[in-house]
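One structure is given below, encoded as structure tokens.
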Amino acid sequence: MREGPDVNAVGTAIRPRTESAPQRALDERELLERVKARDVDAFERLYRIYQPRLARFLTNLVKRPQLVEEVLDDTMMVVWQTAASFRGTSKLSTWVFAIAYRKALKARARWPDPVEDEQLDTRASNDPAADAELERSGIRTALVTAMNKLSPEQRAVVDLTYFHDLGYREIAEILSCPVDTVKTRMFHARRRLKQALSGKFSDGL
């Protein structure tokens, strides 16, 4: 019988079932309750749910592909180790992304110099709600390229808004900053993105 989860042994991400956001949130909360009881299978299922979403988010922040998996695994190990501390005062996804953001900042402090932009993995996440519309309009690839010109804080706000469909209040919880700070970062980010994008792409921002 296993004593704990082997994060690296978890398989590649699976495409989530088609279901409503409230139902997904409920399923994730049920998995976390099992994780609190040290259910390794539940942890691995939770990992597969969050892996594509966190990979998309972390790729934009650490800008070092070789660090994305490390930071993602560190994040999920914190989830495993501190699951009992989650009290439900925020959404589970907010809590997980906040952990990932703090881990990403620490990784950037260790490795501040980014790799070349073309080495980054700019594939869409496995979250249809987050990427489908952007893919249809053709803006996603152009947006990712333009985002490389933003600061890490601005990239985080844009990524969580456009690719994860989160509101300013939830983003503020993840980034541990006031809502007005999120709005200010988005204002400046949109201005820079419109300068970097052209034609129909900039009209959608």
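Every number here is computed from the coordinates shown, using simple stated rules; none is lab data. Computed from a predicted structure; not experimentally measured. Here the Cβ positions follow ideal geometry from the backbone for every residue, glycine too, while neighbour counts run over all protein chains shown.
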By average C-beta atoms within 10 angstrom, highest first, the peptides 74-80, 175-181: 74-80, 175-181
Could you give the nm distance between label points at residue 41 and residue 141, where each point is 7 Å from its Cα heading toward the beta carbon? 4.2
Two-site FRET efficiency, residue 184 against residue 87, from Cβ-Cβ distance with R₀ of 30 Å, rounded to 0.05: 0.50
